[in-house]
1. Go through the range 338-368 and count every residue that is of a type outside the set (Val, Ile, Thr), surrounded by fewer than 17 Cβ atoms within 10 Å (Cβ to Cβ) and in contact with a Ser or Thr (Cβ under 8 Å, 6 or more places away or on another chain).
2. So which residues in the range 383-436 are free of Cβ contacts under 8 Å to residues at least 40 places away in the same chain and either assigned to a helix (DSSP H, G or I) or surrounded by 17 or more Cβ atoms within 10 Å (Cβ to Cβ) (or both), if there are any at all?
3. Among the numbered criteria (1) open to solvent by 10 Å² or more (accessible area, probe 1.4 Å); (2) touching a helix residue (DSSP H, G or I) at 6+ places or on another chain (Cβ under 7 Å); (3) at pLDDT 95 or above, which one does residue 286 miss?
4. Can you name the residue in the range 152-176 that is open to solvent by less than 10 Å² (accessible area, probe 1.4 Å) and part of a loop (DSSP other than H, G, I, E, B) and, of all such residues, is nearest to residue 107 (Cα to Cα)?
5. So residue 148 passes all but one of these: (1) surrounded by 24 or more Cβ atoms within 10 Å (Cβ to Cβ); (2) of a type outside the set (Phe, Trp, Tyr); (3) part of a loop (DSSP other than H, G, I, E, B). Which condition number does it fail?
6. Within the range 178-217, can you find the residues that are outside any helix (DSSP H, G or I) and basic (Lys, Arg)?
7. Cβ-Cβ under 9 Å, sequence separation 6+ or interchain: first residue in the range 66-77 and more than 18 Å from residue 149 (Cβ to Cβ), partner open to solvent by 40 Å² or more (accessible area, probe 1.4 Å) and at pLDDT 95 or above. Which pairs?
8. Restricting to the range 253-274, give me the number of residues that are assigned to a loop (DSSP other than H, G, I, E, B) and touching a residue at least 40 places away in the same chain (Cβ under 8 Å).
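The values are calculated or read from the model by the stated rules, or taken from the named source; none is laboratory data. Keep in mind it's a predicted model, so treat the numbers as computed, not measured. Cβ: placed from backbone, ideal geometry, glycine included. Neighbour counts: every protein chain shown. Keep in mind that these areas ignore ligands, DNA and RNA; they rest on the heavy atoms of the full protein, side chains included. Shrake-Rupley method; radii C 1.70, N 1.55, O 1.52, S 1.80 Å.
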Amino acid sequence: MTSTPDVRDQPAETEARTAPPETRQRPPVSRRGLLGAAGAGLAGLAAGAAGGFALGSQEAAPSQPQTAGTRTYPFYGEHQAGILTPVQDRLHFAAFDVITDSRTELVQLLKDWTIAAARMTQGLGAGELGPTAGPYGAPPDDTGEAIGLPPAGLTITFGFGPTVFRKAGKDRFGLGDLRPAALQRLPHFPADKLDPLKSDGDLCIQACADDPQVAVHAVRNLARIAFGRAAIRWSQLGFGRTSSTSTGQDTARNLMGFKDGTMNLKAEDPAAIDAHVWVPADADSKGQWLAGGSYLVARRINMTIEIWDRQPLSEQERVIGRTKAEGAPMSGGSEFSQPDFAVKGSDSEPLVATDSHVRMVHPDHNGGAKMLRRGYNFVDGSDGLGRLDAGLFFLAYVRDPGTHFIPIQMKLGLGDGLSEYIQHTGSALFAVPPGIAQGEHVGQALFS
């Protein structure tokens with residue numbers, strides 16, 4: 001499939017693959033194997049994180065220009081990758097329920113996830129031995145569907161839901177007093193029709209890549225590693241990004257055919273990112289562990305595609321508040337022109353309708369609040385009536401959901417003209433901790 005060397009399947013000993021099945025044994029443990037071996041003790045895990053993944057540090061730089069397929073992003077650094085990273089084209093998102101009541105087992109899971117994620121984001125297998133080595137009578141430590149595939153810009157981002165701190169009144173892991181006030185289950189907004197099997201969760205994993213199989217491989221292996229400690233509650237595949245997080249990316253289109261996220265925050269504007277995305281150190285005395293992190297809002301939004309497709313262009317543009325061809329505001333100009341909400345047409349009505357989506361979400365009408373969006377299109381087949389189960393999987397990073405999301409969504413549920421053509425069917429909120437230093441694990445400050 002590709003000329004890229006198969007870095008995901010490099011067994012330590014060739015004989016392990018060529019010997020008769022009854023004689024195959026685990027290869028001798030080398031220093032490299034000792035550093036990265038999945039299932040090793042705490043000392044081995046710490047050593048592997050510190051010494052085995054220098055390739056994933058922020059200081060690491062590629063020795064030559066990378067193509068889209070071979071591109072890698074650092075796993076370790078000040079902030080988790082997958083937030084400001086230029087949005088990749090594919091997504092596999094998964095929310096997990098923790099099924100153990102042992103704090104020790106939860107911490108070990110996070111350590112195991114950290115090591116596997118650091119490997120996979122650099123194009124390596126989830127485990128040291130890979131998908132075709134190790135004892136012939138035991139399951140491989142990598143599932144193997146990514147053999148031969150390049151890294152494809154994979155990023156893996158982790159988050160904690162409110163129920164990992166306290167669930168049904170019970171503090172299972174001694175974390176109850178560390179839950180930030182802003183980390184609450186999202187309210188039921190007007191017109192929501194939420195499926196509880198597609199909402200909430202104790203933990204989340206966001207895997208983004210430019211190859212769908214690479215993203216699926218990442219979540220599949222992390223779910224395999226979690227066996228007995230956490231189980232997938234729900235998941236969502238996404239394609240065709242609906243936003244851009246870099247000025248180097250064009251504005252993408254959603255399934256309604258309109259450019260989406262034109263005015264999204266960009267990584268090249270660090271002042272705006274600091275003001276709207278990263279949680280400040282003084283935000284909450286209980287949430288010091290989250291300083292430098294963010295809150296992730298996930299909303300599954302179904303579109304009534306068949307009804308929308310029968311609307312005239314005039315109605316579609318009125319509802320969105322932008323032209324379908326160029327994405328310019330209805331008040332005139334080009335795509336990136338600021339809407340003029342005062343200008344009126346020949347009928348004395350505002351050119352940007354009062355219930356248009358653009359007007360309803362604009363920062364000028366929401367106390368200046370902005371979000372960093374990373375949403376994706378989805379099509380999950382069709383229902384029994386032949387209608388597409390399709391829409392937008394909305395993902396947004398904000399510094400405080402109480403100021404940057406909840407009031408806006410409440411207003412949209414009450415007055416957005418677009419609400420006639422969409423329905424929110426899934427909802428979740430997660431706290432995404434800051435970046436991970438080599439030798440540490442995701443969320444380490446929370447458990448320290």
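1. Adding up the residues that qualify gives 2.
2. 403
3. Just one mismatch for residue 286, condition (3).
4. 173
5. (1)
6. 179, 185, 193
7. 76/437; 76/438; 76/440; 77/437
8. Residues that pass the stated criteria total 12.
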